[in-house]
Each structure stands twice: as structure tokens, then as C-alpha cells.
Amino acid sequence: MTTTRDRTRCSDELRDVLTGLRADPPRLAPRWFYDDLGSALYEAITRLPEYYPTRAELELLRVHGAEIAARLPRGARLVELGSGSAEKASLLLAPMAAPESYRPVDVSAAALAETVRAARARFPALDVRPHRASFADARAFGALLDELAGDAPLVLYFSGSTLGNFERAAAAAWMRELAQHVPAGTRFLLGLDLVKAERRLVDAYDDGTGVTAAFNRNALAHLNRRFGADFAPARWRHEAVWNAERQRIEMWLRTDAPQVVHVGDERLVFDAGDGIHTESSHKWTRAAVERLIEGSPWRLDGWWTDPRGDFAEALLVR
Ligand code: AVJ
């Protein structure tokens, strides 16, 4: 059944999509990667030999998880932003002192169910409570944090360098807003991919098997399924470029020939050479983290990297 609310949400989303596609240069938000197929493709990306961040963060937690856990308060409520296999959170929960509960937060009910299943299998005695919510909107997520704050010390965990999808200024604003919804003493553990040789960064986002290209093009297929658009995904070339000035990998979909595409009631015309910017994945240094939290209630209280120095966990305290 389609409710009025569904239609309203659909038209809001369609309006956002059209605003982005009509911008110069055209853009599409990374969230359009993640329908069921896109989530499966991302899962495949994490296993590619070229895509090192997932393995690097797991290795970091295997090597330094106990040290990190020793810096977290006893009896803490672990709130994880985004949910998957609970594999990373488990490497913190195992050495943590008497965690009060584990609270994965995600918009996807399917992702949450999988996280809960995995966490309960690993820690049968642990209180595991999923929260279906978006954390991208700091105000909405702040309302959830207001509810979660108080009974036990809070530890937020945001893994995978997903913060890197925000523009730098938006990330800083988001951090400041979250700080307004958590008590003093709250810890925030941030998993961040570090700046490194351009070759390795580009290869991680342009793998030889073409999985990332399929993941990128699936955003267009997703728009076709969701809004009845008529993108021809195969006619868009996957591009991953290092933007040195902004220290980020950008993903684009580019067309070599003119194309006309219908989205909703709109007719969009693309010229040969036009691109759609689909994702920015910002990379980090310790100095960039200091800039991120400058003038905010957060301060940097710990920093660990994996043995190769590819990935970091930054521990912030409010
Ligand atoms: C899920 C945002 C962390 O930026 O590395 C992987 C997404 N895009 N390959 C990242 C992604 C292309 C990923 N994050």
C-alpha cells in the first residue's frame, strides 16, 4: 500500500535528486548507492585486494583494541553509528570493562537485524538494542542521543571512515551539533582512513575487477528502480580521482556521448564529457582531525594506527 506519507517522502527525495542533477557540476548523494544490490556490492568491495580500509581497521582493532578499551569508561553504553557484521564493535566489546549495552543505529532494518544476530551470537549475556534511525541528520540523531544519555557513560563509535563522506565543513558542524546532545565525559571513537600515496588511494576506488565501477553505476540503476528514471548505467564510465587540494577521493560517472535522461517529469540533457559527482571520500591526518574539532567541545584524547599506518582510530572526549 502506498500512503500519503510515502508519496510525500518520495517527492521530497525526488526533488533533492533533481536539484543535485541540475547543479553544476551535477551531483548525486552517496546514499543512492545503498539499495539491496548496492549494499551487497559494498560488502564485496570490502573484500577486494585493493580496498585496504576495512582490513586495516580490523587489524588496528586486533592489535590495539585492548588499549583502546582500557581508555573507555567502565559500564559504558556503546552506540555504533551504522551497522554491519558487528565484527569491529566486537573487537571493542570483548576487552571493554562490563559494557552496559550495545546499541547499533542504522536506517536499514535488514542491516540492524544482521548486526543484532551477530552480536547476540558472540555475546549471549550482553544487552543488544537496535535503534532504527538516521545519524546523517545531526538534529534527528541528537534526539536519540538525548534519550540514550544519562543512565550509563556513553561511547560513540563511527567506523569505516564514513565521516569522510561529509564535506569538511559539514563534518565539523555535525560534530558540534552532536556534542550538544551528549554529557561531558562522553567518548567518541572515530575510524578514519589516512592520506597516503595517490596510487594506492586511486586503486582502492578503481579496482581491477570492476566491483567499484558496478557499485557506482548502481546508483543510477537505483534511481531507475525507485523513480522510474531511464538512465542507461552502462553508458556511464566510472572515474575515481584524487583531489590533492581537498585531500579526498572523488567518484564520478562520466558520459563520452550526449545523453537525454528522464527523471520524474524532468528531461535532463548531458553533453559529451559531462560527469555526475557521486561521492567524496575525505582522507585524514592528525592535523585534519584537530581542525575538525577546533572550537568544538571535543578534544583529541587518543590516536592509534594499524601497523602499516594506513588507518587511524581517533578517540575524542567531550
Ligand atoms: C562506506 C563511505 C566508508 O568512502 O571508502 C567504497 C564507500 N565508496 N568504495 C568509502 C566506498 C567506494 C566507503 N564508505
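Where a number appears in this text, it was derived from the coordinates with a stated rule and is not lab data. None of the values given here were measured: they were computed from a predicted structure. Don't worry about glycine lacking a Cβ; one is built from the backbone with ideal geometry, like all the others, and counts go over all protein chains shown.
Observations on the structure shown:
- With respect to the chain, whose longest principal axis is taken over its alpha-carbon atoms, helix 36-45 is tilted by about 70°.
- Ordering A214, I293, P95 by the projection of their Cα atoms onto the charge dipole of the chain, which places +1 on the Cβ of Lys and Arg and -1 on the Cβ of Asp and Glu, puts P95 at the extreme positive end.
- Theoretical ellipticity at 222 nm over the chain - DSSP helices of four or more residues, -39500 (n - 2.57) apiece, nearest 500: -12000 deg cm²/dmol
- Computed over the chain: relative contact order in percent, which uses C-alpha pairs under 8 Å that are six or more apart: 20
- Residue-wise HN-Hα coupling along segment 292-303, computed from phi with Karplus coefficients 6.51, -1.76, 1.60 (Hz; x: Gly, Pro): 4, 9, 3, x, 10, x, 8, 10, 7, 10, x, 8
- The HN-Hα couplings worked out from phi for segment 225-240 by the Karplus form 6.51 cos²θ - 1.76 cosθ + 1.60 (θ = phi - 60°) are 5, 6, 10, x, 6, 10, 4, 9, x, 5, 8, 10, 8, 6, 9, 10 Hz, whole numbers, x standing for Gly and Pro.
- The chain, dipole about Cα centre (Lys/Arg Cβ +1, Asp/Glu Cβ -1), debye to the nearest 20: 520
- Prolate/oblate/rounded call for segment 61-154, Cα gyration tensor, a/c under 1.5 rounded: oblate
- Fewest neighbouring Cβ atoms within 10 Å first, the residues T212, T305 line up as T305, T212.
- Local electrostatic count at A69 - Lys and Arg +1, Asp and Glu -1, tallied over other residues with Cβ under 13 Å: +3
- Table column - 3J(HN,Hα) (Hz), segment 263-279, Karplus curve with 6.51, -1.76, 1.60, x for Gly and Pro: 10, x, 8, 9, 10, 10, 10, 10, 8, 4, x, 5, x, 10, 7, 9, 6
- Rounded if a/c under 1.5, otherwise prolate or oblate - segment 163-227, Cα gyration tensor axes: oblate
- Close amide H pairs (under 5 Å, H built 1.01 Å from N) link G302 with L315, residues at least 5 positions away or on another chain.
- Net charge contributed by nearby residues that have their C-beta within less than 14 Å of A288 (K/R +1, D/E -1): +2
- As a proxy for reagent exposure, K196, K88 were ordered by neighbouring Cβ count within 10 angstrom, fewest first; the result is K196, K88.
- Helix 4-22 vs. the chain, principal-axis angle (Cα, 0 to 90°, nearest 10): 70
- Between segment 203-278 and segment 107-151, the alpha-carbon center distance in angstrom: 32
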